[in-house]
Amino acid sequence: MANLKEVRNRITSVTSTQQITKAMKMVSAAKLKRATNAIVQLRPYANKLRDILAQVSTSVEGNDSPYTQDRSPNKVLVVVVTSNRGLAGAFNANVIKTTNNLIFSKYAEQHARGNLSIIAIGKRGHDFFTKRGFNVIGNHNELFNDLNFENVSKVTEYVMDEFKAGNIDRVEVVYNQFQNAAVQVLTSEQILPLVPEEKGENVAELDYIIEPSKEKIIEELIPKAIKIQLYKAVLDSNASEHGARMTAMDKATENAGDLLKALKLSYNQARQAAITTELTEIVSGAAALSNG
């Protein structure tokens with residue numbers, strides 16, 4: 001009987017867990033829809049902005065924007081985009097692993113000299129690197145509470161000011177790029193100095209009518225392009241988080257179902273064994289009485 005009670009308690013516990021994971025899956029699915037719409041709407045704008053910048057900048061000589069100055073990377077800043085919560089499979093662990101690989105392979109010398117800093121967007125990344133003694137100079141977990149361009153731009157403006165002042169020579173962002181609910185691509189991008197993409201050979205030359213001047217347009221476009229690049233990374237990561245959590249909770253719900261089947265089978269077997277034992281005892285008792 002003690003074994004039956006234990007199995008019953010486990011069945012109750014797993015059933016409760018399955019209901020929770022199913023609810024979390026539904027919540028993540030709803031959030032994923034909104035997050036996907038946001039990143040899908042931004043991508044065409046970001047791509048077009050990059051194309052215009054490439055087209056215009058090639059016809060301007062002596063572009064001396066402070067954000068395009070390619071200096072020796074003596075001081076490096078890495079922006080790590082994770083989530084505030086777990087239960088999303090390997091979503092956060094993969095970002096942290098990729099960041100570690102970037103630091104200890106590409107920027108090992110800067111890290112050894114203490115010239116590598118980290119800005120964390122997301123509690124998981126902040127906690128990991130803070131506990132391990134990295135130079136974490138920024139914590140922006142609150143961005144996901146109200147994710148919009150203005151709030152992310154505040155972080156970008158700080159980074160741009162530090163780069164312009166010469167306190168930082170290179171800035172890279174590590175995040176999960178959203179492909180679909182089941183696929184997130186770990187990405188590391190350089191956002192400063194900004195290197196406009198060159199036009200491809202098959203890209204037609206467009207004759208833009210530019211007012212007031214190409215130089216003035218580039219002066220405005222470059223800061224905008226940098227802000228859009230980081231904003232897109234955060235939106236990508238946000239959509240990827242909900243996709244990863246939805247997938248993880250779907251798998252957890254499925255695993256709970258498999259475990260329930262095994263537990264119910266075990267419960268029925270134990271119950272049948274108990275009934276068989278009781279019947280055997282009754283028959284044995286009846287036989288003893290008849291013999292007596």
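Couple of notes before you dig in:
- Charge dipole of region 83-194 about the Cα centre (unit charges at C-beta), most positive-ward option of Val173, His111, Ser153: His111
- Under 30 Å from Lys251, Cα to Cα: lysines that are on another chain or at least 8 residues apart: Lys5, Lys22, Lys25, Lys31, Lys33, Lys97, Lys123, Lys232, Lys261, Lys264
- Under DSSP loop assignment and at most 14 Cβ neighbours within 10 Å, longest trypsin sites (Lys or Arg not before Pro)-free interval of the chain: 133-292
- Note on region 106-188: with charges restricted to the Cβ of Lys and Arg (+1) and Asp and Glu (-1), its dipole about the Cα centre is near 380 debye.
- Region 222-283 and region 106-179 have Cα centres separated by 33 Å.
- Surface accessible to a 1.4 Å probe, Thr280 within the full protein complex, Å²: 80
- Amide H to amide H distances under 5 Å link Leu192 with Val171, where only residues 5 or more positions off or on other chains count and H is placed in the peptide plane.
- The apolar share of the surface of region 31-246, taken as the fraction of accessible area on carbon and sulfur atoms (1.4 Å probe, ligands and nucleic acids excluded), comes to 48 percent.
- Each of Ala274, Met26, Gly285 was placed along the dipole of the chain (beta-carbon charges, centred on the mean Cα), and the one lying farthest toward the positive end is Gly285.
- Using heavy atoms of the protein chains and a probe of 1.4 Å, the accessible area assigned to Asp250 is about 60 Å².
- Two-decimal Rg/Rh across the chain, once Rg and the Kirkwood Rh are taken from alpha-carbon atoms: 1.26
- Bridge type composition, the chain - antiparallel percent by DSSP, nearest 5: 40
- Solvent-accessible heavy-atom area per residue, rounded to whole Å², over the chain at 1.4 Å: 55
- Relative to the Cα centre, the charge distribution of the chain, modelled as +1 at Lys and Arg Cβ and -1 at Asp and Glu Cβ, gives a dipole magnitude of about 1520 debye.
- When the Cα positions of Ala88, Ile217, Ala252 are compared along the charge dipole of the chain, Ala252 comes out farthest toward the positive end, with charges on each C-beta of Lys, Arg, Asp and Glu.
- Among the protein heavy atoms, those of Glu150 account for about 120 Å² of accessible surface (1.4 Å probe, every chain in place).
The values are calculated or read from the model by the stated rules, or taken from the named source; none is laboratory data. These numbers were taken from a predicted model, which means no experiment stands behind them. No Cβ is skipped: glycine too gets one built from the backbone with ideal geometry, and neighbour counts run over all protein chains shown. Just the protein is used for accessible areas: all its heavy atoms, side chains included, with ligands, DNA and RNA removed. Shrake-Rupley method; radii C 1.70, N 1.55, O 1.52, S 1.80 Å.
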